[in-house]
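For reference, the structure discussed in these notes is given below.
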Amino acid sequence: MADNSFGTLFRFTTFGESHGPAIGCIVDGVPPQMPLSEDDIQPYLDRRKPGTSRFVTQRKEADQVKILSGVFNGMTTGTPVMLMIENTDQRSKDYGDIANTYRPGHADYTYIEKYGIRDYRGGGRSSARETASRVAAGAVAMKALEHRLKNAFHIRGAVVQIGDHKVNRDNWSWEETRNNPFFCPDAESVPLWENFLDDTRKSGSSAGAVIEIVASGIPAGLGGPIYGKLDADLATAMMSINAVKGVEIGSGFDLADIPGTEAGDEMRMGEDGKPSFLSNHAGGILGGISSGQDIVTRFVVKPTSSILTPRQSINESGEEKDVITKGRHDPCVGIRAVPIGEAMMAVVLADQLMRHEAQCGPLKG
């Protein structure tokens with residue numbers, strides 16, 4: 001079962017567990033003669049790593065990446081690129097009390113039902129620790145896109161809601177997302193979110209979040225009809241991220257409230273001789289194919305399931321238990337999902353670009 005791999009031509013496979021010696025990935029389909037080093041990958045991992053503020057888990061991991069194969073003299077060789085990240089700050093003893101008890105909201109019960117065995121230390125393979133490997137693969141995908149696309153493009157993410165507190169889009173600033181620990185594009189929302197999460201953590205609870213990922217400068221033509229749709233691949237990619245329970249493209253579920261006279265993105269001819277869209281409810285994708293507009297997706301991350309408030313559950317023997325999950329956990333795990341969403345967007349676009357070139361040749365754009 002290839003359940004640990006993602007992609008078609010640009011494809012990565014992750015390995016490792018939360019409290020094992022290391023995690024990592026093997027990225028296949030990387031174009032040859034492309035400059036690549038650990039320094040190209042590390043900045044992406046630094047944005048995701050734990051312990052960066054009081055609003056995320058205090059597990060201290062350097063998340064230092066090592067390239068083990070696929071690069072020679074600073075250039076990719078066309079062979080699989082293997083990336084490894086050592087785990088250095090595990091506290092497996094924090095999980096001794098729940099070795100035989102199912103934590104509500106976690107995959108403990110389902111892993112036992114499927115495999116008959118589970119690694120209870122931090123959730124093992126089901127831990128969000130796995131997502132560091134995705135971010136490393138996404139960094140390679142970004143290099144592949146830069147290698148293939150000559151025009152300027154951006155893949156950027158932001159948290160647009162924590163709990164029931166949404167950003168004011170009139171204050172949107174991409175620069176602001178790098179100035180605060182929430183990846184928040186609205187400076188006025190930052191102190192509100194700080195107080196909200198401080199109160200949430202002190203009460204022994206957690207909060208969910210909505211993350212928005214935008215790819216700008218991507219040419220028209222990526223994606224295929226029916227089963228190769230770009231938006232279908234994006235939905236799969238985002239839904240595969242830990243704790244994600246909903247994905248939308250463009251205006252998404254809000255389209256149910258918008259009349260047909262407004263929902264269709266009207267077009268005019270631009271001054272540059274190219275089509276100009278008057279709106280972007282479709283999120284930059286029409287018929288499963290990119291339109292040249294911004295590609296927009298959002299996903300919701302549920303509240304962190306590991307909390308200090310006692311929760312009702314059972315153990316493997318069927319006995320009823322109250323569970324308190326000790327250890328170091330994010331009061332809002334959605335915050336660190338921003339670089340993960342960016343990585344998955346990059347992987348999907350790199351894969352779709354290579355699939356397009358295999359069938360149709362270079363993009364017209």
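Within the stretch 180-196, track down each residue that is open to solvent by 60 Å² or more (accessible area, probe 1.4 Å) and free of Cβ contacts under 8 Å to residues at least 12 places away in the same chain. Hits for the stretch 180-196 are P191, N195. Just one of the listed residues (L278, L286) is open to solvent by 80 Å² or more (accessible area, probe 1.4 Å) and over 26 Å from the mean Cα position of the chain (by Cα), namely L278.
Looking only at residues of the stretch 197-216 that are polar (S, T, N, Q) and more than 16 Å from P310 (Cβ to Cβ), we find that the one that is surrounded by the most Cβ atoms within 10 Å (Cβ to Cβ) is T200.
The residue of the stretch 145-179 that is least open to solvent (accessible area, probe 1.4 Å), among those that are within 19 Å of R48 (Cα to Cα) and over 19 Å from the mean Cα position of the chain (by Cα), is E176.
In the stretch 113-130, the residue that is least open to solvent (accessible area, probe 1.4 Å) out of those that are more than 27 Å from D46 (Cα to Cα) and not in a loop (DSSP other than H, G, I, E, B) is E113. Here Q359 qualifies as more than 30 Å from L45 (Cβ to Cβ), out of contact with any Cys (no Cβ under 6 Å at 6 or more places or on another chain) and either assigned to a strand (DSSP E or B) or not aromatic (F, W, Y) (or both).
Note on the stretch 35-50: residues that are modelled with pLDDT under 90 and either more than 30 Å from T325 (Cα to Cα) or open to solvent by 20 Å² or more (accessible area, probe 1.4 Å) (or both) amount to 1.
The condition of being modelled with pLDDT under 90 and within 27 Å of the chain's Cα centre (by Cα) holds for only one of T325, T297, T309, that being T325. Quick check: anything in the stretch 242-252 in contact with a strand residue (DSSP E or B) (Cβ under 9 Å, 6 or more places away or on another chain), at pLDDT 95 or above, under 24 Å from L363 (Cα atoms) and of a type in the set (D, E, K, R)? So far as the stretch 242-252 goes, no, none of its residues is in contact with a strand residue (DSSP E or B) (Cβ under 9 Å, 6 or more places away or on another chain), at pLDDT 95 or above, under 24 Å from L363 (Cα atoms) and of a type in the set (D, E, K, R). Considering the stretch 291-330, the qualifying strands (runs of 3 or more DSSP E), each wholly inside and each with 1 or more residues that are in contact with a Leu (Cβ under 9 Å, 6 or more places away or on another chain) and in contact (Cβ under 8 Å) with a residue 24 or more places away in the chain, run over 295-301.
Residues checked against (1) at pLDDT below 95; (2) β-branched (V, I, T); (3) farther than 21 Å from T304 by Cα; (4) surrounded by fewer than 19 Cβ atoms within 10 Å (Cβ to Cβ):
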{"site": "A2", "(1), (2), (3), (4)": "yes, no, yes, yes"}
{"site": "R11", "(1), (2), (3), (4)": "no, no, yes, no"}
{"site": "Q33", "(1), (2), (3), (4)": "no, no, yes, yes"}
{"site": "E61", "(1), (2), (3), (4)": "yes, no, no, no"}
{"site": "N87", "(1), (2), (3), (4)": "yes, no, yes, no"}
{"site": "Y95", "(1), (2), (3), (4)": "yes, no, no, no"}
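Could you please find all residues in the stretch 131-144 being within 26 Å of G246 (Cα to Cα) and open to solvent by 10 Å² or more (accessible area, probe 1.4 Å)? Residues satisfying the conditions are R134, M142. Determine whether D198 is under 30 Å from T325 (Cα atoms) and out of contact with any strand residue (DSSP E or B) (no Cβ under 7 Å at 6 or more places or on another chain). Yes: the conditions hold for D198. The residue that is surrounded by the fewest Cβ atoms within 10 Å (Cβ to Cβ), among those in the stretch 328-364 that are under 24 Å from V140 (Cα atoms), under 23 Å from the mean Cα position of the chain (by Cα) and of a type in the set (D, E), is D351. Looking only at residues in the stretch 294-304 that are in contact with a Gly (Cβ under 6 Å, 6 or more places away or on another chain) and open to solvent by less than 30 Å² (accessible area, probe 1.4 Å), the one that is farthest from H154 (Cα to Cα) is V301. Determine whether G223 is at pLDDT 95 or above and closer than 26 Å to S173 by Cα. Criteria not met by G223.
The values are calculated or read from the model by the stated rules, or taken from the named source; none is laboratory data. As the structure is a computational prediction, the values presented were derived from the model and not from experiment. Note that each Cβ is placed from the backbone with ideal geometry, even for glycine, and that neighbours are counted across all protein chains shown. For accessibility, only protein heavy atoms count, side chains too; no ligands or nucleic acids. Shrake-Rupley method; radii C 1.70, N 1.55, O 1.52, S 1.80 Å.
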